[in-house]
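All remarks here apply to the structure that follows.
Here, each number is a calculation from the coordinates, and none is a lab measurement. These numbers were taken from a predicted model, which means no experiment stands behind them. Cβ placement follows ideal geometry from the backbone for every residue including glycine, while neighbour counts extend to all protein chains displayed.
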Amino acid sequence: MARRKTGNVLSEDVDEARKQIMVAAEKVFQRYGVSKTTMDDIGREAGVSRPTVYRYFGDRDTLISAIIERRSRMLFAKARKFLLEKETFADQLVEGLIFLVDRGRRDPLIRILVSPEHMQMAEPLVGASGLAARLTAEMWDPVIERAMERGEVRRDVDREKMAEWIALVQFILVGRLDFDRPDDPEHRDMLRTFVLPAFLPSAVPAATAKS
């Protein structure tokens, strides 16, 4: 398939120009796949030269990481609206994790962040930089803070370790949801039994939170 060139012109605003390049990159990633896409392909799609792309993003990994952040935050916005419908932290955590992972695993770029099959690619992109844990904390910190204020979550939770733990749970869920329907009750039972109790005050047993 021939690589096409468009007539797009980048904005003079730096942030907007970066966004234009990311949008162009997303298109070619979806067309050719992340591993087969070159910076030349991205430049052609954006209507600029490869050196111009490098002026805004120092290397390919930096560009991919920026796109993962962008798409993750778009997903977070939808997830936060979804969580507003849940009255308890238990439901927010369980249903929120399934919501995020189910939609994230179907996005070819977010999947790099949450899928075990992409660990080799993901490590230099998000592992060393802490991007996965940072994005996880960005999504869940406000939820946990409000749950603490309501007395539903223990106050001695280490936020950094919490983000790492939730990120690991997401890896597990990707594999489960790839083979079983998202509405399979076993997913929720697993989360309520083995994940939720880590957040609960010692006086609140998991069985109580489930009711």
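Rg and Dmax, both from the Cα atoms of the stretch 8-58 and both in Å, are 10.0, 30. Comparing Cα centroids, the stretch 139-153 and the stretch 43-59 end up 41 angstrom apart.
Can you tally the net charge around Arg181? Count Lys and Arg as +1, Asp and Glu as -1, for every other residue whose Cβ sits under 15 Å from the Cβ of Arg181.
Values: positive: Arg103, Arg105, Arg106, Arg176, Arg188; negative: Glu95, Asp102, Asp178, Asp180, Asp183, Asp184, Glu186, Asp189.
Spelling it out: positives minus negatives among the neighbours equals -3.
Its Cα gyration tensor gives the stretch 69-198 an equivalent ellipsoid, and the semi-axes of that ellipsoid, as √(5λ) in whole Å with the largest first, are 22, 17, 14.
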